[in-house]
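To start, the structure under review is shown below, and the notes come after it.
The values are calculated or read from the model by the stated rules, or taken from the named source; none is laboratory data. Since the model is a prediction, treat every value here as computed from it, not as a measurement. Cβ coordinates were reconstructed from backbone atoms using ideal geometry, including for glycine residues, and neighbour counts include every protein chain displayed. The accessibility values were calculated without ligands, DNA or RNA, using every heavy atom of the protein model including side chains. Shrake-Rupley method; radii C 1.70, N 1.55, O 1.52, S 1.80 Å.
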Amino acid sequence: MSVTLRKPVITWEKIPESFILDDEPVDNTIQTPIAVALSDALHLAGRLPETALACTNVAVCATIDGKLTTKAPDWFYVPSVLPREQERERRSYTPHIEGDVPAIVMEFLSETKGGEYSKDSEAPVGKWYYYEKILQVPIYAIFSPRKGRLEVHELQSQKYRQQKPDENNRYWIAEMGLFLGVWFGTKQNRTGNWLRWWDENGQMLPWLEEQVMLEQQRVMQEQQRAEQERQRAEQERQRAEQERHRAEQERQRAEQERQQAEQERQQAEQEREAKEVALRELALLKEKLNSAGINPEEI
């Protein structure tokens, strides 16, 4: 005898202002920083448009068989939400009437069991059941910060199927256009396992402090490049100055040689003129001696 499970009646209704949301305890020392870091990286990379929503510990609401049900994922992302009329802190989100169904929800495991794997369909429903059957979120990620273990489950034929990571141990989240993976390091005085985003080229989306460090390194490299360029220009200026000095010395040497040649020419000219004068005087003397009947050759 087969048992037919009754399909719950799901509606999406606006939460009354007077409704008091349950404040689920969270491990703020670990879970909140990881969730905030996920959103900050998206915002810094320009991948969190104003029409999108990325939240941590905000109640996602649905009405099941007339009873309002809420679950507050440790982190979730909605591609498109409707503008809000009032500027106030968001404590809840109801799909379909406030925007899209979340594209991805994440739960971070802690020492306290929170029913991340619970498929209980009876009130209060389990998180797995709520995300899979009620909200029908395309991607459900479960992360253990202490163990550094990440599971990504994709909704296929209305059931979650665990996905396999790629060769870099990362998961392609098509709804985000990014890879999701585990990174071990330090942020905000916490050293441990973090969830990080990588783009389609394998470049990790930096956090603000990393971006500042990268910018400082870029500025330092630019300063070093400018200093090297200045030194190169100074060396080029010194080389040009040396070349100018060498050319000036060459010009002075050439001028000295010209002056010396001119002096030698003038000296030769003076010697030539003196010789011509001596020859004319000798010829005149011979003429006088001949006139006097004296043979100059016999003297």
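Some notes on this structure:
- Per-pair calculated FRET efficiency, R0 = 35 Å: V36 and A226 via Cβ, rounded to 0.05: 0.40
- Surface accessible to a 1.4 Å probe, E262 within the full protein complex, Å²: 60
- Label assignment, Rg and Dmax of the Cα atoms in Å derived from the structure, set (1) 18.5, 55; (2) 22.2, 74; (3) 47.2, 176: (3)
- Residue pairs exceeding 31 angstrom between C-alpha atoms, taken from K14/K164; K127/K164; K71/K187: K14/K164.
- The accessible area of I20, taken with all protein chains in place and a 1.4 Å probe, comes to roughly 140 Å².
- Extension gain, R280 to T51: 0.36 nm times the residue separation minus the Cα-Cα distance gives 70.8 nm.
- Full extension of the chain between E264 and E297 yields a length gain of 8.3 nm, computed as 0.36 nm times the residue separation minus the alpha carbon distance.
- Note on the chain: with neighbouring protein chains present and a 1.4 Å probe, carbon and sulfur make up 49 percent of its accessible heavy-atom surface.
- Taking each DSSP H run with n ≥ 4 as -39500 (n - 2.57) and averaging over every residue of the chain yields -12500 deg cm²/dmol at 222 nm.
- Local electrostatic count, L208, Cβ distance below 11 Å [Lys/Arg +1, Asp/Glu -1]: -3
- Pair L214, Q249: separation of 7 Å Cα→Cβ label points (nm): 5.3
- At R0 = 30 Å, FRET efficiency that the Cβ-Cβ distance of H43 and N168 yields, to 0.05: 0.80
- Full-extension gain in nm, K288 to Q256, via 0.36 nm per residue minus C-alpha separation: 6.8 nm
- Proximal charge balance of Q158 [Cβ under 15 Å; K/R count +1, D/E count -1]: +3
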